[in-house]
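Novice: I have a structure here, written as structure tokens, and I will follow up with some questions on it.
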Amino acid sequence: MGDKRAVLKPLAPLQAGNAVNDPWDRVAEILKVIVEPVFAPRIFDITAHGAVGDGVADCTQAFRDAITACHAGGGGRVLVPAGQWLTGAIHLKSNVDLHLAQGATIKFSRDPNAYLPLVRTRWEGTELLNYSAFIYAFEQENIAITGDGTLDGQADDDHWWNWDRLLRAGGKDNARRRLHHMNDQSVPLAKRVFGDGALLRPNFITLFRCKNILIADVTLRRSPMWQIHPLECDNITIRRVTMEASGPNTDGCDPESCSHVLIEDCSFNTGNDCIAIKSGRNNDGRKLMIPSKNLIVRRCHVRGGHGGITLGSEIAGGVCNVFVEDCFMEGPNLRYALRIKNNARRGGEIEHVYCRRIDISHVYLSVLRIDFQYEEGPDGVHMPSVRNVRLEQLTCEQCPRIAEIHSFDNAVVAAIVLKDSKFANVAKRSIVENAPALILENVVVHGQNVIAV
């Protein structure tokens, strides 16, 4: 799947007051490239393939047959009518729109065997063979998940989420550590076989090396782990999606090594980062060196999670050209509004990140956190860097601190700008370690213009 899309030129260096080279002018250019897929006006009802909507009958084969028929017939809409539909893994194919009618709930099996055979995927940024995501596609084009219905992963403290606790109890020999070692040693994919007994939870939706994607209007509940995980994909629209999950690592949307991504009008209440932009972990990320680039987030509502917008931590391939605007973020469980996390094992360049008109009711740690001390911190040779981050027109009603920056020698933190913003009920001074101070322009704290925060 060669990418023939136009490649954007690097953004001009950030210069205060330079309206000619305003980076926000790039948003219109990115939006011209993001085009929703169009589907043939054909309907393939899952009930015509044997599905029974009582929440008890296994509809896995019916979903498979309906998707296969839709794909073979030139594409169209696979219709999920009102009802409760129990299934195992759903694998999408090109030119298929999986559409959930109002009142439809797809309930995903709690049996791990329902997500066999193992598929090629990434787990926390490292490639492996593992259980299929509940909805999965590999190297497909023109695919969608739409409608007013609900996708219910049925995860709870006794199903899927408990795997995290059991995995950590495994100590130094657990599968997560073994997988990370395989990454560090560049072990071939064919030998990275996990699944049964490994306790590496599948994600809810993983679309791998796909193009022309639409996810719209659906509600995701009780995801086993990451909720929406586009991986090495291009041309993605995620619109009016509600993501609700309180379990460990139940991130909302994690675009990884993706380009031309639009996330708009979505609602997040998650057990970890709400939007986490990634590009691969350690050697795997550096080997591919596919950055995440040209991403737009707008008009989203963050109601809880570790970070509202996060870059990292699996970010070895880099991230550039991220635009976030007109979002509302509130606690009480939101730790940070903008969170950047990296270290010297992962490395990766982060540059050209712009946020404006962000309304924050309160965070319980800080508005901005740049953390290069994350996990292994300076223990490595791949120096992280972050350049050209601009936050403007932010308002925050309450925060313990405005900013925390934790860096180390030889790492790069440059041109971090905060402008035209107002903060109230700030309890403590910001922390800046081994990095230049924030560049402030017209920043008001407790009703007073300040030169330091």
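The values are calculated or read from the model by the stated rules, or taken from the named source; none is laboratory data. Given the structure is predicted, the values throughout are model-derived calculations rather than measurements. Note: ideal-geometry Cβ built from the backbone for every residue, glycine included; neighbour counts use all protein chains shown.
Novice: So is T126 in contact with a helix residue (DSSP H, G or I) (Cβ under 7 Å, 6 or more places away or on another chain), among the hydroxyl-bearing types (S, T, Y) and touching a residue at least 40 places away in the same chain (Cβ under 8 Å) or not?
Specialist: It is true that T126 is in contact with a helix residue (DSSP H, G or I) (Cβ under 7 Å, 6 or more places away or on another chain), among the hydroxyl-bearing types (S, T, Y) and touching a residue at least 40 places away in the same chain (Cβ under 8 Å).
Novice: Now for a separate question. Go through region 268-303 and give me each residue that's among the aliphatic types (A, V, I, L, M) and buried (at least 24 other Cβ atoms within 10 Å of the Cβ).
Specialist: Those that are among the aliphatic types (A, V, I, L, M) and buried (at least 24 other Cβ atoms within 10 Å of the Cβ): I275, A276, I277, L295, V297, V302.
Novice: Name the residues in region 114-156 that are within 21 Å of V218 (Cβ to Cβ) and either assigned to a loop (DSSP other than H, G, I, E, B) or of a type in the set (D, E) (or both), would you?
Specialist: S132, A133, F134, Q140, E141, D148, G149, D152, G153, Q154, A155, D156
Novice: Do the conditions hold for F194, that is, is it in contact with a strand residue (DSSP E or B) (Cβ under 7 Å, 6 or more places away or on another chain), closer than 24 Å to A101 by Cα and aromatic (F, W, Y)?
Specialist: no
Novice: Which is of a type in the set (S, T, N, Q) and at pLDDT below 95, of Q84, Q15, Q61?
Specialist: The conditions single out Q15.
Residue by residue, here is whether (1) within 30 Å of the chain's Cα centre (by Cα); (2) of a type in the set (S, T, N, Q); (3) in a strand (DSSP E or B) holds:
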| site | (1), (2), (3) |
| --- | --- |
| F44 | no, no, yes |
| A48 | no, no, no |
| V56 | no, no, yes |
| A69 | no, no, no |
| V78 | yes, no, yes |
| L86 | yes, no, yes |
| K93 | yes, no, no |
| Q102 | yes, yes, no |
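Novice: Contact list please: Cβ distance under 6 Å, first residue in region 163-179 and modelled with pLDDT of 95 or more, second residue among the β-branched types (V, I, T) and not in a helix (DSSP H, G or I), pairs at least six apart or on different chains.
Specialist: Within 6 Å, the pairs are L179/T126.
Novice: Follow-up question, since we're still on this one. From the list G83, G125, G88, exactly one residue is surrounded by fewer than 23 Cβ atoms within 10 Å (Cβ to Cβ), among the small types (G, A, S) and on the phi > 0 side of the Ramachandran plot. Which is it?
Specialist: G83
Novice: Another one. Quick one: which of A137, A155, A144 is crowded, with 20+ Cβ neighbours inside 10 Å, in contact (Cβ under 8 Å) with a residue 40 or more places away in the chain, aliphatic (A, V, I, L, M) and closer than 27 Å to R286 by Cβ?
Specialist: Of A137, A155, A144, the one residue that is crowded, with 20+ Cβ neighbours inside 10 Å, in contact (Cβ under 8 Å) with a residue 40 or more places away in the chain, aliphatic (A, V, I, L, M) and closer than 27 Å to R286 by Cβ is A137.
Novice: For region 195-215, name all the residues that are surrounded by fewer than 19 Cβ atoms within 10 Å (Cβ to Cβ) and in contact (Cβ under 8 Å) with a residue 24 or more places away in the chain.
Specialist: Listed by number, the residues that qualify are D196, R209.
Novice: Test A40 against the criterion of being surrounded by fewer than 17 Cβ atoms within 10 Å (Cβ to Cβ), of a type in the set (G, A, S) and either assigned to a loop (DSSP other than H, G, I, E, B) or in contact with a Lys or Arg (Cβ under 6 Å, 6 or more places away or on another chain) (or both), and give yes or no.
Specialist: yes
Novice: I want to confirm something. Restricting to region 325-344 and keeping residues that are charged (D, E, K, R) and within 12 Å of G305 (Cβ to Cβ), which single residue is surrounded by the most Cβ atoms within 10 Å (Cβ to Cβ)?
Specialist: The residue in question is R339.
Novice: Is at least one residue of region 96-106 surrounded by fewer than 18 Cβ atoms within 10 Å (Cβ to Cβ) and among the aliphatic types (A, V, I, L, M)?
Specialist: yes
Novice: Shifting gears a bit: Scan region 355-384 for residues that are aliphatic (A, V, I, L, M) and either under 21 Å from the mean Cα position of the chain (by Cα) or crowded, with 18+ Cβ neighbours inside 10 Å (or both) and jot them down.
Specialist: I358, I360, V363, V367, L368, I370, M383
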